[in-house]
1. Quick one: with all protein chains in place, what share of the accessible area of the chain is carbon or sulfur, to the nearest percent (1.4 Å probe)?
2. Would you mind calculating the relative contact order of the range 141-251 from Cα pairs under 8 angstrom and at least 6 residues apart, reporting the percent as a whole number?
3. If you take the Cα Rg of the chain and divide it by 2.2 N^0.38 Å, with N the number of residues, what do you get?
4. Please work out, to two decimal places, the log10 of the ratio I(q)/I(0) at q = 0.22, 0.24 Å⁻¹ from a Debye calculation in which every Cα of the range 141-251 carries one identical scatterer.
5. Taking the 0 to 90 degree range and rounding to the nearest ten, how far is the long axis of helix 178-187 tilted relative to the main principal axis of the chain, both from C-alpha atoms?
6. Can you work out the accessible area per residue across the chain, with the rest of the protein chains kept in place, probe 1.4 Å, in square angstrom?
7. Please report the accessible area of TYR163 (heavy atoms, 1.4 Å probe, ligands and nucleic acids excluded) in Å², nearest 10.
8. To test your reading of the geometry: what angle, between 0 and 90 degrees and rounded to tens, separates the Cα axis of helix 76-89 from the longest principal axis of the chain?
Amino acid sequence: MTKGRDMSAQASPYESDALPTETVDVVVIGGGAAGLNGALMLARSRRSVVVIDSGAPRNAPAAAMHGFIVLDGTPPTEILRRGREQVRQYGGRIIFGEVTAARAAVPSADGDLRFTVTLADGHVVTARRVLVATGLRDVLPEVPGLIEHWGHSVVHCPYCDGYEVRDAPIGILATGPASVHHALLFRQLTDDLIYFARGTDLDSGTRARFAARGIRIIETDVKEVVDDDDGTLVGVRLADGTFVGRRVLAVATRMQARTEGLDGLKLPMEDLPDGMGRRLASAMAGTTEVPGVWVAGNATDLSAQVGASAAAGALAGSHINSVLAAADTDAALAAAQPITG
Ligand SMILES: Cc1cc2nc3c(=O)[nH]c(=O)nc-3n(C[C@H](O)[C@H](O)[C@H](O)COP(=O)(O)OP(=O)(O)OC[C@H]3O[C@@H](n4cnc5c(N)ncnc54)[C@H](O)[C@@H]3O)c2cc1C
């Protein structure tokens, strides 16, 4: 397998639509599967919706997306291109840019909620509701040479890339308790599996279970990832100098919701057990403790794949529409009340 590609060459810049000057119904922060599917539901409900996207989806290094029926094998860039096109078909607007600040604004004259979202170039979008769909950041252990292969020979998800590396000599670089389960999932895909414990705990029961499945355990620390002259990952070097040949390394990353620019929304966060990651807290249909703000996709569900992220975005989008429908009706009723006295 070859070394990681230049990520900047992967980026998919696209033309922004005109920025709205009026207050829109919904601003969606993040235009991956979750944000675009939320926007699609809103635009099809004839809501004015603007998606702001900084163009760095989590699966950008992957050549193809797997495990989602009908779209299996499609490049992630192609899925997003089609998604943006479909949102636009119904009048949704897409802005290519980064949100650097977001906050609840002072109550509007009509008593409804208002939010302002500021882009890196200083432009401001005002909206009645916000859908946060910013995804997550994968944090890899600090092993020299590892990050260069991320998304290619260094993988995290047995359902995304596992089938493509079936039967290969795979090494699990343990990061904590989650790696034990990770190992059993990758054992389903190859008979040649080594567990690099890297100082993590392994109780006798787990050791026995690994032995029963033919998973070899190496306790000596991993010093670095080793490539051949072509930049292909060929194994790891241990702290004692021993070379261990591997074609693929699997790592349970620490998953960190992306919250850059969102501080002003004051969204509560939650830690997952065993240091697995940190997410934006949410409840039914992506509602949060902050009135008027919803969250969908990897930003709140760290284990969601593309299908689940898109579904969560669709659910949040339809819930926002129903809340707005009730607010619009309340406002119409208030306007229709006879003025007495
Ligand atoms: C290497 C790899 C391979 C994968 N392969 C698969 C696969 O085969 N199948 C599968 O189902 N899943 C796969 N996944 C998981 C998949 O990437 C996620 O499930 C999916 O991307 C989550 O969608 P999302 O919309 O929540 O977040 P993302 O797709 O990450 O989209 C979030 C968007 O928000 C933008 N953003 C973030 N902050 C801001 C901001 N402040 N202002 C503006 N925009 C912002 C980002 O630039 C990004 O475009 C893979 C993940 C990785 C790491």
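The values are calculated or read from the model by the stated rules, or taken from the named source; none is laboratory data. From a predicted model like this one, the values you see are computed outputs, not experimental measurements. Backbone-built Cβ (ideal geometry, glycine too); neighbour counts: all protein chains shown. Just so you know, the surface numbers come from the protein's heavy atoms only, side chains and all, with ligands and any DNA or RNA stripped out. Shrake-Rupley method; radii C 1.70, N 1.55, O 1.52, S 1.80 Å.
1. Carbon and sulfur: 53 percent of the exposed surface of the chain.
2. Working: 195 pairs, mean separation 35.9, N = 111.
Across the range 141-251, relative contact order equals 32 percent.
3. Details: Rg = 23.1 Å, N = 341, 2.2 N^0.38 = 20.2 Å.
Relative to the rule-of-thumb radius for its length, the chain sits at 1.14.
4. -1.28, -1.51
5. Rounded to the nearest ten degrees, it is 70.
6. On the way: 16360 Å² over 341 residues.
Spelled out: the 1.4 Å probe surface of the chain, per residue, equals 48 Å².
7. Approximately 140 Å² for this residue.
8. The helix 76-89 is inclined about 10 degrees to the chain.
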